[in-house]
Amino acid sequence: MELVKMVNELSEDEAFDFYENMFGALADKIRLNILNEISKSPNKNLCVCDLEEKLNLQQSKLSYHLKKLVDTNILIAEKHGTWNYYRINEAQIQVVLSEGTCCRIF
């Protein structure tokens, strides 16, 4: 999904779908832990191998959660050799968590 298309250009029903997907992706303890670990890393990105170790998760379970975050554009994946590195899409987080969110949709 394009970043801010943004919510201003969506119909009310489409905006509700957008926010449902975004908040659904954020409404999981494991995914919040992933975002927390990435935000604490010095380069603000982490390899999937580092996330496996830090979160003590099997690769298959971690991949499921990473896909949810990437599909909603909350994380950006970059391939470096054989490993994927993930960083937080700050602009998308700002769209989802802006003060105007609740005021605009309610």
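Structure above, values below:
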| quantity | calculated |
| --- | --- |
| Qualifying positions in the stretch 63-94 - out of contact with any Leu (no Cβ under 8 Å at 6 or more places or on another chain), aliphatic (A, V, I, L, M) and either closer than 14 Å to Lys44 by Cβ or in contact (Cβ under 8 Å) with a residue 60 or more places away in the chain (or both) | Ile76, Ile93 |
| The stretch 64-97: number of residues that are buried (at least 16 other Cβ atoms within 10 Å of the Cβ) and part of a helix (DSSP H, G or I) | 9 |
| Residue match in the stretch 47-62 (condition: in contact (Cβ under 8 Å) with a residue 40 or more places away in the chain and either among the small types (Gly, Ala, Ser) or surrounded by 13 or more Cβ atoms within 10 Å (Cβ to Cβ) (or both)) | no |
| The one condition in (1) loosely packed, with under 12 Cβ neighbours inside 10 Å; (2) modelled with pLDDT of 90 or more that Glu12 fails to fulfil | (2) |
| Matching residues in the stretch 36-46 - criterion: being crowded, with 17+ Cβ neighbours inside 10 Å and part of a helix (DSSP H, G or I) | Ile38 |
| From Tyr85, Tyr19, residue being at pLDDT 90 or above and within 14 Å of the chain's Cα centre (by Cα) | Tyr85 |
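The values are calculated or read from the model by the stated rules, or taken from the named source; none is laboratory data. Nothing here was measured: the structure is a model prediction, and the numbers come from that model. Virtual Cβ from ideal backbone geometry, glycine too; neighbours counted across all protein chains shown.
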